[in-house]
Structures are given as C-alpha cells and as structure tokens.
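Reading through the structure tokens given below for one structure.
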Amino acid sequence: MTFADVVNLAINGLVAGLLVALPALAVSLVYGLARFPNAATGDVATAGAFAGLFAYQASGSLAMAGIAGAAAGAAVSVLAYQLAFKPVIRRSVITTLLTSIGVGFFIRAVLGVAFGHTQRTFDMPLQRAVRWHGVMLNPTDASLAAVTLGVLAAVFLLLYASPMGRMMRALADDPDLARVSGIRTESAMLTMWAVTGAVCGIAGTMVGMRTVVSPDVGWDTLLPAFAAAVVGGLGNPLGAVVGAVLLGVLQELSTPVVGFVYKIALAYVFMLLVLLVRPQGLFNRVQGVR
C-alpha cells in the first residue's frame, strides 16, 4: 500500500465521518436538553432524504433538495416532539427511549407505505475525480463535506453566539434553575427539536445523494451516529462531531487489515473500549455525585 492509498482512505473516512457527524450532533443535542437517546433520529433523516429527492426531481436543484430536506426534517421532528415526546418528557429514560423507538418505527412504516421499499437514487451527473500524485478527490464528496462543515458552523454559531443558544445551554446545564430564572424553556426546546430535525434532514439528503434513498436508510445511519455520540460524550455537541470523524477515518484506514465487512464492527469495538476506559466519553469531564 502506498502513501497515496492511505491518504485516499483517510479522505473517504473524513467524508463518511462528516456525514455521520450531523445525526450524531442531533443525538447529542437531544440527549443534552431532553435527557434521552433519541432512536428516531435516523428515521427523521430518512424523511428529509425523501423530501430532498422529490424536490430535486421537481426542480433539478441540489440546493432546493437540501432546503426541502431540512424543512421536512424540522417539521417531522417538531411534530414528533409535540405529539409523542412532550407528554412523556419528564418520565424515565426508558419511557422516552421506548417512545422514540416507536416514533422511529411509525415514520419508517409511513414512508414504506407511501413510497414503497424500492431503492431510489438522485440522478446526478457523474463527475471525474481530481487526481494529484495518486491522491483522488471526488468533487461530489468535496461538495458534501463543504456543506456539512457549513451546517456544523451554523449550528455551533447558534449554540455559542446567540441568545437562544445561551438559553439552550442553560437548560442543558440545569433545567430546574433555568425555569426559575425565567428562561423560556419551551422556546428553547422547540428550537432544539427544529434544529436537530433540520440537521437530520440535510444529513439524510446528502446520504441519499451519496448512496440510495429508501425507508431503511436512516436506520443504517443511526447506529454509527450513536457510536460517535457515545465516543465523544453524550450531550457534548463538539465531542459528537469529533467522534464521528474519528470513527469514520479509523474505519476506512482499517479496511486493508480487517476487510470491508469487519471495518463496521471496528467502530463499535472502539466504542466499547472507550466506555470501559472513559464511560463519560473522550471529551466529557467526570462529574461527581451531588
């Protein structure tokens, strides 16, 4: 294996990791504010993928596909919060987790009944990879990575440079103190669900552009997103993004050693090792019992 091959694998891993980073960020944000792992994250991404595909077929514009995917994801996410999660938000983690599993199955079933289980693709023009000393860069992958970085930058600006972001972080730190301090917790929760839904919708649309669109595509995205969020530290948005990129690059670089099939399992082995050594994740601090 040459140095160029290693670089090519690292680039593929970086792009794959960035695509997982968006749903991983959504998982981490929901866990930080609503205190449960949302198993419907992947299915919200699937709803965005279908909306993005139909918008692309109608307009021929990838930008319109991304906007439609984000809008559909945000709408589905807010609707799921209002109808399913809000009534049980103060109950145990098991209750909210089971509710999210049910919501995910419901979304998947509706998409399957409405559009069937045939795999659909974005009819995008083929582009020749750019070569430089054996290193190849696919223009489509470069565009998807750039869009992902733009979306991540927008979300982190919202979190750390806006009044709504400060309210969301205050709610994540101490929900009771945030309520008695006069923070509009319901507005913060609605914003969080809309943002995470939009992020998932964009992620689903981009995954559909890179692979296929089907009712099950979100489920394939959910497990890597959970693994990335756990590795980075649940509730830590930056940790989730770094965890996703780390696992993506690790998987691709391990392909020549363990093969294409087992590289997927390697991410979960790494996650188990992290849980054994640092149960709080790589980027969360240990918190004492109060």
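Mind running the shape call on segment 222-290? Use the C-alpha gyration tensor, a ≥ b ≥ c as the square roots of the eigenvalues: rounded below 1.5 for a/c, prolate if a/b tops b/c, oblate otherwise. Walk me through the numbers before you get to the answer.
On the way: a/c = 2.82, a/b = 2.09, b/c = 1.35.
It is prolate, given that a/c is not under 1.5 and a/b is the larger ratio.
Using the alpha-carbon atoms, what tilt in degrees (0 to 90, nearest 10) does helix 217-232 show relative to the longest principal axis of the chain?
So the inclination is approximately 70 degrees.
Any idea what the dipole of segment 1-120 comes to, in debye rounded to 20, about its Cα centre with Lys/Arg Cβ at +1 and Asp/Glu Cβ at -1?
Details: 6 positive and 2 negative charges, 98 e Å.
Computed about the Cα centre, the dipole is about 460 debye.
Quantify, in whole percent, the carbon and sulfur part of the accessible surface of segment 235-287 (1.4 Å probe; protein heavy atoms only). Walk me through the intermediate numbers first.
Working: 2370 of 3220 Å².
That fraction is 73 percent.
Run the quick spin-label model on residue 169 and residue 277: label points 7 Å from Cα toward the beta carbon, then report their separation in nm to one decimal.
2.9 nm
Toward the positive end of the charge dipole of the chain, about the Cα centre and with charges on Cβ (Lys, Arg +1; Asp, Glu -1), which of 177, 269, 31 goes farthest?
It is 177.
Which of rounded, prolate or oblate describes segment 198-237 when judged by the alpha-carbon gyration tensor and an a/c cut-off of 1.5? Each step should come with its number before you reach the end.
On the way: a/c = 2.87, a/b = 1.92, b/c = 1.50.
Cα axes put segment 198-237 in the prolate bin.
I'd like the carbon and sulfur percentage of the solvent accessible area for segment 81-167, probe radius 1.4 Å, heavy atoms only, ligands and nucleic acids excluded.
On the way: 3810 of 5700 Å².
Within segment 81-167, the accessible surface is 67 percent carbon and sulfur.
Can you give the local net charge around residue 42? Use residues other than it whose beta-carbon is closer than 13 angstrom to its beta-carbon, Lys and Arg +1, Asp and Glu -1.
Working: positive: 108; negative: 43, 216, 220.
So the surrounding residues net to -2.
What ranking, highest mean first, results for peptides 123-129, 73-79 when packing means the other Cβ atoms within 10 Å averaged over each residue? Kindly include the intermediate steps, with their values, before the conclusion.
Numbers: 123-129: 9.1, 73-79: 23.1.
So the order, starting with the most tightly packed, is 73-79, 123-129.
Need one word for segment 59-199: rounded, prolate or oblate. Basis is the Cα gyration tensor (sqrt eigenvalues a ≥ b ≥ c); a/c below 1.5 gives rounded, then a/b vs b/c decides. List each step's numbers first, then the result.
Details: a/c = 2.68, a/b = 1.50, b/c = 1.79.
Because a/c hits 1.5 or more and a/b fails to exceed b/c, segment 59-199 counts as oblate.
Can you sort 250, 177 by solvent-accessible area, 1.4 Å probe, largest first? Working shown, then result.
On the way: 250 60, 177 100 Å².
Reading off the accessible areas and sorting them downward yields 177, 250.
For the Cα atoms of the chain, what angle does the longest principal axis make with the long axis of helix 185-210, in degrees from 0 to 90, nearest 10?
10 degrees
Using the Karplus curve 6.51 cos²θ - 1.76 cosθ + 1.60 with θ = phi - 60°, what ³J(HN,Hα) values do you get for each residue of segment 49-65, in whole Hz, with x for Gly and Pro?
Once θ is set to phi - 60°, the couplings for segment 49-65 become 5, 5, 4, x, 5, 5, 5, 5, 5, 7, 10, x, 10, 5, 5, 5, 4 Hz.
Angle check, please: helix 139-160 long axis (alpha carbons) against the longest principal axis of the chain (alpha carbons), in degrees 0 to 90, nearest 10.
20 degrees
Tell me the per residue accessible area of segment 91-199 using a 1.4 Å probe; a whole number in Å² is fine. Could you put the intermediate results ahead of the total?
On the way: 6490 Å² over 109 residues.
Per residue, segment 91-199 has 60 Å² of solvent-accessible surface.
For residue 213, what residues show an amide H to amide H distance below 5 Å, using hydrogens built from the backbone and excluding near sequence neighbours?
120, 121
Please check: in the Gaussian network model of the chain (C-alpha springs, under 10 Å), which one of 276, 18, 97 has the largest mean-square fluctuation.
Evaluated over the chain, the most mobile residue of the options is 276.
Through the Karplus equation 6.51 cos²θ - 1.76 cosθ + 1.60, θ set to phi - 60°, convert the phi angles of segment 241-256 into ³J(HN,Hα) values in whole Hz; use x for Gly and Pro.
5, 5, x, 5, 5, 4, 5, x, 5, 4, 4, 5, 5, 7, 4, x
Through the Karplus equation 6.51 cos²θ - 1.76 cosθ + 1.60, θ set to phi - 60°, convert the phi angles of segment 26-39 into ³J(HN,Hα) values in whole Hz; use x for Gly and Pro.
Couplings: 5, 4, 5, 5, 5, 5, x, 9, 9, 6, 8, x, 7, 6 Hz.
The values are calculated or read from the model by the stated rules, or taken from the named source; none is laboratory data. Keep in mind that what you see is a predicted model, and the values were worked out from it rather than measured. So basically every Cβ, Gly included, is an ideal-geometry build from the backbone, and we count neighbours across all protein chains shown. Note: areas computed on protein heavy atoms with side chains; ligands, DNA, RNA excluded. Shrake-Rupley method; radii C 1.70, N 1.55, O 1.52, S 1.80 Å.
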